[in-house]
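Just below is one structure, and these are the notes that go with it.
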Amino acid sequence: MDLTAGNRELDAEADALALDPAAVDGIFAASDALGQQYRLRSTLSDPAVPGQVRSEVARRLFEGRIPAAAVELVARASALAPDTTSLEAAVERQGVRGVFVVSGAVDEVQDEVFRIARAVEADSALQSTLTDPLIEVAARQRLVADVFGARALPATVRLVQRAVQRRSRTLVRTLDGYVEVAAQIGRHTVARVTVAQPLTAEQRAVLRAQLTRIYGAGIDIQLDIDPEVLGGARIEIGDDLIDGTVRSRMNQARRLIG
């Protein structure tokens, strides 16, 4: 089973289980255990072992240690996992997804995570501190609460703190990945749009309609303001880039002139 199909199946399983905050905590605890213990990861994702057997082993290992709903989700993830890396990522994704869903404010949390990602991206000193391996994770997580706690929902702060803890990707990429997870909850695709000044409600609606027509899916527009683009818009959707900014055209003209 391909990874995308596996994620969809796990999403449906999570929705049916109606996860609560304790179950989300349990999923994160399982993800941490998988991340720290290679032998556990390899046992629960061994392709030579039938998925049903791996699922049962996961139940036995985690039962009584995390809530029952979390056990079931981890067991199902084990059955679907094609390899060790995918298993840990799939379980972690369900924890992140659970934070969004349990918050009851998916759109607002998604927007706040996007804004914080841009703030971290623009502040090299903050980014360096939040990713410094010589600073304890707990201290970096406290800094997140100090910097963003007064202007973001608790679910948002928790996700940023979780991102600080992760090691497999850069902090900004991890946060952007969380934004994608939120979009997938509503079966949408994220379009990161960079413009020189804020768009009106009408402009956003027109842009969303055009992108939806092109991509055949609902579009979540995440707006990034950068006065240096001068005019036009830079649109990133997955691996696609549409750069119609004045700055881009000026740079192209300079290259032609030599």
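The values are calculated or read from the model by the stated rules, or taken from the named source; none is laboratory data. Treat the numbers as computed from the prediction; the structure is a model and nothing was measured. Quick reminder, even Gly has a Cβ in these numbers, built from the backbone with ideal geometry, and neighbours come from all protein chains shown. Protein only, heavy atoms only, side chains kept; ligands, DNA and RNA dropped before computing areas. Shrake-Rupley method; radii C 1.70, N 1.55, O 1.52, S 1.80 Å.
I'd like the residue in the range 126-180 that is among the charged types (D, E, K, R) and closer than 22 Å to residue 97 by Cβ and, out of all such residues, is surrounded by the fewest Cβ atoms within 10 Å (Cβ to Cβ). Checking each candidate, the answer is 167. Note on the range 42-59: among residues that are in a helix (DSSP H, G or I) and hydroxyl-bearing (Ser, Thr, Tyr), the one that is nearest to residue 78 (Cα to Cα) is 55. Close contacts from the range 204-216, counting a first residue that is small (Gly, Ala, Ser) and a second that is open to solvent by less than 50 Å² (accessible area, probe 1.4 Å), with Cβ to Cβ under 9 Å and a gap of 6+ residues or different chains, come to 209/219. Considering (1) more than 16 Å from residue 178 (Cβ to Cβ); (2) open to solvent by less than 40 Å² (accessible area, probe 1.4 Å); (3) not β-branched (Val, Ile, Thr), the lone condition that residue 52 does not fulfil carries the number (2). Going by what's in this entry, would residue 233 be described as modelled with pLDDT under 70 and either touching a Gly at 6+ places or on another chain (Cβ under 6 Å) or within 21 Å of residue 111 (Cβ to Cβ) (or both)? For residue 233, the condition - modelled with pLDDT under 70 and either touching a Gly at 6+ places or on another chain (Cβ under 6 Å) or within 21 Å of residue 111 (Cβ to Cβ) (or both) - is not met.
Selection of the range 88-130 for residues being in contact with a Lys or Arg (Cβ under 8 Å, 6 or more places away or on another chain) and more than 30 Å from residue 17 (Cα to Cα) yields 129, 130. The residues listed here are 91, 106, 113, 99; of these, the one that is touching a residue at least 40 places away in the same chain (Cβ under 8 Å), touching a helix residue (DSSP H, G or I) at 6+ places or on another chain (Cβ under 7 Å) and surrounded by fewer than 24 Cβ atoms within 10 Å (Cβ to Cβ) is 106.
Residue pairs whose Cβ atoms lie under 9 Å apart, sitting 6 or more positions apart in sequence or on different chains, and linking a residue in the range 134-163 that is touching a residue at least 12 places away in the same chain (Cβ under 8 Å) and within 14 Å of residue 119 (Cβ to Cβ) to a partner that is outside any helix (DSSP H, G or I) and β-branched (Val, Ile, Thr), are 143/135.
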